[in-house]
Amino acid sequence: MVKSYSRQSICPKKVRSKIVDEAGTDKGFILVDWITGIIGLSVGTLGTFFWVRYVDRLHRRGAQSEAEKILQNAEREIENHRREFELEQKERALRLKEEGEKEIRVLRDGIHDRERLLDKREQQLDQQADQLRKQEKTVESVQRKATERIDAANRRKKELDTLVERQEQILFELSGLSKEEATRRLFEKLDRELSEEIGSRILKHEKRIKELAEGKSREILLSAIQRYAAPHTAETTTSTVDIPNDEMKGRIIGREGRNIRTFEKVTGVDVIIDDTPGVVIVSAFDMIRREVARLSLARLITDGRIHPSRIEEIVGETQQELERHIMQIGEDAVQEASVHGLHERLVNMLGRLHFRTSYSQNVLRHSIEVAFLAGSIAEELGYDPRLARRAGLLHDIGKAGDSEAEGGHPKIGADMLRRYGEPKEVIAAAAGHHDDLRIENPYTVIVAAADACSASRPGARRETLERYIKRMEELEEIASSFEGVEHAFAIQAGREMRVILSARDTNDELAAKICREIAKAYEERLTYPGEIKVTVLRETRYIEVAH
């Protein structure tokens, strides 16, 4: 058994120390074991080396054979791919050849079809040319015949003219009338016939238009009026101030009349002190001044201190308070009518309209009502209701400044609105809502209609008796001036006319024409609010008495 040693056990230094330490022991055996270990180690190392080289040679031979196999397989695959590529190229060439031949056949077939079509068209053109030649011959023949007929017609016309002249001469000789007299009578007959025809057509068209327009207009106006019905207050034209006793009249007059003179000078009004007990009357054309005077006088009576300096103080304070009150009234009116963005001066003018009346109708309430009516009508017709309300509210704004400028209130109002930058539709409505009515501006017509609705409402305005009678007489006089009218009566406060025609001198068609002409005469000659209904009556009565 061979004893093995580690590398530490065969270290020479340790061997020497062991030999020295174990002197006299078995030194020969230890040296032999050491040499034997070295030899075994060398032999193992050599064996391992040769074994590794042998194994490496085996691996190299295997790798070389494997590489040769891989190369052979690669060559075979390359050859296979080459053959497949050649086959694909041949197949592709065959396909391209077949496609080319197919396209050539298609082109040849198309060329043959076009050749056949051209041949067919050429034949058709030849046929059309033959037909045109035939038609030319036919047209020449027709023209020749037409020329012959025209010549014959001209000869016939000359013969007829000659015959008509002879017959006219015979007719004139038999009737004993000249040509002018016969023509006049013929025209008179035609005029009568045309008058009847015109009347008939008027009846026909009026009936159709009335059916279409009356329902729609009544619906729009009724809807607008029903949506807003404002109460009107009829105000007096003079202001009265109550006094506690008749002694107060002397204090108002003052010593030698200085108090009343100062009061009239400061306020610009006339103070009437008469025998009426318990009342002092304030009179002025300007309603603002009259209101200032009324309030100031009432405050002076309540205060009891009436002298020139106190009068001036009270009147000044009242004017300031009234200006604020006027501004507040204007702002309330603007808010009520839902109109925004007005200039401050225009708001003040609206407030002043509260103290102005027209035919006992308050102008501010009238303006607010016109604003709502115009807005409702515009909304029904598809226009801007806000712009219509603005135009309706400001249409009478000129009445607040007509005492300060020249001209009628439409012109004054239009100038005022133009000065403060109002829209052109609003300016046109203020300028033309009475006489200068321009149809091209729809808002002017809408405001005029709303103004007429508000003004002609029963109870809104009151006329004097003289003016009322004069208006009735004018209506009846215009209707009676037409030929064939026997009687004319104005009823319903001049809003309807009843006209009675002569049954002998007129017929139904002529009655329609007369009715139309009377209504047109009212439109041209009179100025009136609302509308006038003209009713024409024609009746024939036969009465016999049996005895």
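The values are calculated or read from the model by the stated rules, or taken from the named source; none is laboratory data. Note that the structure is a prediction, hence the values are computed from the model and not measured. Here the Cβ is made from the backbone with ideal geometry for all residues, glycine too, and neighbour counts use every protein chain on show. Surface accessibility is based on the protein's heavy atoms, side chains included, excluding ligands, DNA and RNA. Shrake-Rupley method; radii C 1.70, N 1.55, O 1.52, S 1.80 Å.
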For this session: Among Tyr54, Val106, Phe85, flag the residue with its Cα farthest along the positive direction of the charge dipole of the stretch 46-122, charges on Cβ as +1 for Lys/Arg and -1 for Asp/Glu.
Result: Tyr54
For this session: Give the peptides 497-505, 443-451, 375-383 in descending order of average Cβ contacts within 10 Å, highest first.
Result: 443-451, 375-383, 497-505
For this session: Determine the gain in length on full extension of the stretch Ala153-Glu99; use 0.36 nm per residue of separation and subtract their C-alpha separation, reporting nm with one decimal.
Result: 11.7 nm
Exercise. Sorting Ile518, Ile198 by accessible area (1.4 Å probe), largest first, what list results?
Worked result: Ile198, Ile518
Exercise. Tell me, what is the per residue accessible area of the stretch 243-378 in Å², probe radius 1.4 Å?
Worked result: 47
Exercise. Over the stretch 79-128, what percent of the accessible surface lies on carbon and sulfur atoms, probe 1.4 Å?
Worked result: 51
For this session: With a 1.4 Å probe and every protein chain kept in, tell me what percent of the accessible surface of the stretch 245-399 is carbon plus sulfur.
Result: 46
Exercise. Between their Cα atoms, which of Lys265/Lys470; Lys399/Lys470; Lys189/Lys470 are more than 31 Å away from each other?
Worked result: Lys265/Lys470; Lys189/Lys470
